[in-house]
Amino acid sequence: MTSVLQAQALGKRYGKRWALRECTVDIPAGHVVGLVGPNGAGKTTLLKLAGGQLEPTTGDITVLGGRPGSTPAQLARVGFVAQDTPLYAALTVAEHLRLGARLNPRWDAALARERSGQLGLDPSHRAGKLSGGERAQLALTLGLAKRPELLIMDEPVASLDPLARREFLHRLTEATAEHKLSVVLSSHLVSDLEKVCDYLIVLVDSRVRVAGEVDRLLATHHRLTGSLHAFDRFPFDQRVISVSHTDQQSTVVVRTGSPIHDPAWTVSRLSLEDLVLAYMDKSTENRRAHLEVQR
Ligand SMILES: Nc1ncnc2c1ncn2[C@@H]1O[C@H](COP(=O)(O)OP(=O)(O)OP(=O)(O)O)[C@@H](O)[C@H]1O
């Protein structure tokens with residue numbers, strides 16, 4: 001299976017502070033990848049390293065088998081839609097499409113015209129006068145018409161209302177199926193990612209906490225609910241991701257490939273949002289350590 005993005009012990013440091021650390025991932029081609037994590041986790045840094053806008057401090061990264069941004073041919077294979085959909089406010093929709101055609105050797109003018117027509121974007125409208133949703137759609141159109149093999153988008157739906165988000169994600173799903181391209185997009189809106197992504201990367205504190213196909217991740221993570229008493233006899237062979245307690249009961253999220261048959265615990269499935277939150281829950285670190293000590 002070919003990889004769209006391979007990182008090996010990848011790191012980026014600004015002064016003394018690591019924005020991304022020891023990042024090792026291997027993303028197979030043909031996926032829509034959701035990159036999630038709290039503010040400042042390193043998502044934009046990873047995407048910029050993949051887009052060739054940043055150089056790594058440590059480690060290696062290859063995108064579609066080449067060094068990001070190293071040659072014009074490599075640049076042409078990767079589309080990058082940066083945060084806040086940067087467009088030229090003074091340029092019209094038509095001028096953006098003409099600029100795209102001039103800058104991109106694989107430019108698909110028919111696709112650009114057709115998509116902007118379907119979206120009802122007036123060619124004479126200046127980008128600065130478009131709504132947030134229209135700007136995001138224009139940026140997506142420019143990204144798709146470049147005909148990349150990989151499209152990278154940094155929080156493309158952040159400024160959109162729920163309806164515009166749904167429309168944007170719908171169009172993105174259509175386009176990825178039609179053009180068979182791989183996509184990596186970051187977002188804080190996990191419920192949105194759940195609709196379009198089939199691969200997930202969770203970054204926390206500049207490190208990858210988990211990465212993999214969504215179906216597989218959901219099949220191997222479980223929520224166990226039991227009494228506080230049951231928690232004292234927790235099955236220690238489980239890989240614990242998060243722990244929380246109320247006065248009455250304990251809830252533990254575990255990762256395991258084996259079935260759990262312990263009458264002391266009720267086992268339930270997780271949503272993608274539950275899974276992401278379990279990995280982001282820093283308060284669990286101490287409790288996990290507590291379990292390790294008891295082991
Ligand atoms: N140019 C820079 N100079 C110094 N520090 C930086 C720079 N860019 C990013 N950082 C720091 O690196 C860390 C990771 O930033 P990054 O923008 O990658 O996070 P993020 O996960 O995309 O955050 P958000 O969800 O808020 O957009 C943060 O602590 C940030 O302050």
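Since every read-out is calculated from the coordinates, none of them should be taken as a lab result. Just so you know, these numbers come straight off a predicted model, no measurement behind them. When we count neighbours, we look across all protein chains shown, and the Cβ atoms used for this are built from the backbone with ideal geometry, even at glycine.
Overview of values
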read-out	value
Residue order, fewest to most surrounding Cβ atoms within 10 angstrom, among ASP192, ASP198, ASP108	ASP198, ASP108, ASP192
Taking LYS146, LYS282 and counting other C-beta atoms within 10 Å, the order from fewest to most	LYS282, LYS146
Positive-end residue, the range 3-205 charge dipole about Cα centroid, Cβ charges, pick of TYR199, ALA73, TRP18	ALA73
Where N is the number of residues in the range 200-258, Cα Rg divided by 2.2 N^0.38 Å	1.27
Relative contact order [Cα under 8 Å, 6+ residues apart], the chain, whole percent	19
Assigned charges on the beta-carbon of Lys, Arg, Asp, Glu; the range 3-205 dipole about Cα centre (debye)	560
Value at 222 nm in deg cm²/dmol, rounded to 500, when DSSP H runs of n ≥ 4 in the chain each add -39,500 (n - 2.57)	-10500 deg cm²/dmol
Sequence of LYS129, LYS195, LYS16 once ranked by neighbouring C-beta atoms within 10 Å, starting from the fewest	LYS16, LYS129, LYS195
Cα gyration tensor shape of the range 23-67, rounded if a/c is under 1.5, else prolate or oblate by comparing a/b with b/c	oblate
Centre separation in Å (Cα based) which lies between the range 141-160 and the range 42-96	10
Pairwise FRET efficiency - GLN249 versus ALA158, Cβ, R0 = 41 Å, nearest 0.05	0.70
Mean separation of Cα contacts under 8 Å (6+ apart) over length of the range 1-148, as relative contact order %	22
